[in-house]
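The structure appears below as structure tokens.
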Amino acid sequence: MSHNSFGRVFRFTTWGESHGPALGAVVDGCPPGLALTETDIQPFLDKRRPGTSRFTTQRREPDAVRILSGTFEGRTTGTPISLMIENVDQRSKDYSEVAVAYRPGHADYAYDAKYGFRDYRGGGRSSARETAARVAAGAVARVVIPEVAIRAYLVELGGDAIDPAAFDDAEIDRNPFFCPDAAAAARWEAIVDGARKAGSSVGAVVECVSTGVPAGWGAPLYAKLDSELAAALMSINAVKGVEIGDGFAAARLTGEQNADPMRPGDGAPAFLANHAGGVAGGISTGQPVVVRVALKPTSSILTPVETIGRDGASAEIATKGRHDPCVGIRAAPVVEAMVALVLADQKLLHRAQTGR
């Protein structure tokens, strides 16, 4: 399988499967001399870790990361950083039916069509379990961009959106949904419980805001900051849409409504709006970089769905096992990680081209 790597100067490769002995990442291009230990990485993995509430999969994984190379005496050496996370709670027997029939909406058929062979245990590389390696790599990226603060949270679940007027940053860490609206989080409990009891699933929308990104990161054409972000975020399992700034809503505005007016500021423009999401012409403007990600409902559900078997015959499948009724709940740390990986890469690209 090709294309398991992402990035240009700051580059990472993930490896491993959902039900293999371990998974991980190799990060290449990290500058030397940066402070990095497992304790810098583990908090981000803990946020993504399964089994932390009744609203996520009950697979119990400690997701304890080990740094195997690339550091010495707590600092990066400039050589490849190898990260490993062991799998300890696999139940491959739950996937006996998936071995002979395809889950509609999942990658089962597409993998078979491409390779003629697939790891059906949890979906192998197509499992959201792979994102643990991205979160570990993203934690390394954060030490490259200490000037940037990255914050992701859910703004919609099961078609129910937050009230922007009720946004409370402190609330994001007080509920299992990474939701900034306490009233919405309470409603979402019933939505997710209902989906689980019905043997179904729901989708979600994650918003991510990065502050402290200086003006100048990105490129005008084929390494646009927004195109790199879109590619990174679309690579996350279950993501079906990405918006930068106002996104599709910008198509319903007039030119003067969509403009981000500027006034003289203290050494930099003072923007009066941020419809562009902090990116203009593929280059950061110094405003907060704002992205939104739409995640589809989890494909592995207990409700029987019409499908076909590997032999091409008609079949029906209900996926057993432990699955997230809303994969978007644990996606916020993954979105943050991918944004961090892109921004670290763009910072080093900018330094390489401009010397600053």
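The table below gives the values:
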{"item": "For Gly241, residues with placed amide H under 5 Å, excluding near neighbours", "result": "Ala294"}
{"item": "Nitroxide proxy distance, nm - points 7 Å out along Cα→Cβ at Glu316 and Thr354", "result": "6.1"}
{"item": "Those aspartates and glutamates that a straight Cα-Cα span of less than 18 Å connects to Lys197, excepting residues fewer than 8 apart in one chain", "result": "Glu189, Asp324"}
{"item": "Globularity index of the stretch 164-243, i.e. its alpha-carbon radius of gyration over 2.2 N^0.38 Å", "result": "1.44"}
{"item": "Cα-derived Rg over Rh, computed across the stretch 223-335 with Rh taken as Kirkwood radius", "result": "1.18"}
{"item": "Computed helical MRE - 222 nm, the chain, DSSP H runs ≥ 4 contributing -39500 (n - 2.57), nearest 500", "result": "-7500 deg cm²/dmol"}
{"item": "Percent of Cα pairs exceeding the 14 Å cut-off, where the set is the stretch 154-203", "result": "46"}
{"item": "Distant-in-sequence amide H partners of Ala101 (H built 1.01 Å from N, under 5 Å)", "result": "Arg310"}
{"item": "Share of Cα-Cα pairs in the stretch 5-354 lying beyond 40 Å, as whole percent", "result": "14"}
{"item": "GNM result for the chain, Cα springs below 10 Å: residue of Leu36, Leu253, Leu343 fluctuating most strongly", "result": "Leu253"}
{"item": "Set of lysines near Lys224 by C-alpha distance (under 23 Å), chain-local residues within fewer than 8 positions excluded", "result": "Lys240, Lys347"}
{"item": "Burial ranking of peptide ranges 260-272, 239-251 (average Cβ count within 10 Å, highest at the top)", "result": "239-251, 260-272"}
{"item": "Gain on full stretching of the segment that runs from Ala268 to Ala231 - 0.36 nm per residue minus C-alpha separation", "result": "10.4 nm"}
{"item": "Theoretical gain in end-to-end length, Ala161 to Leu68 [0.36 nm per residue, Cα-Cα removed]", "result": "29.3 nm"}
{"item": "Computed label-point distance, nm, for sites Ala149 and Ala259 using a 7 Å Cα→Cβ extension", "result": "3.1"}
{"item": "Contact order normalised by residue count of the chain, Cα under 8 Å, 6+ apart, percent", "result": "23"}
{"item": "Cut-off 19 Å, label 7 Å out along Cα→Cβ of Arg174, residues of the stretch 185-204 by amide N", "result": "185-190"}
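Read the figures in this text as sums done on the coordinates, not as results from a lab. Because the structure is predicted, anything quoted here is derived from the model rather than measured. Because the Cβ atoms are built from the backbone with ideal geometry, glycine has one as well, and the counts that use them run over all protein chains shown.
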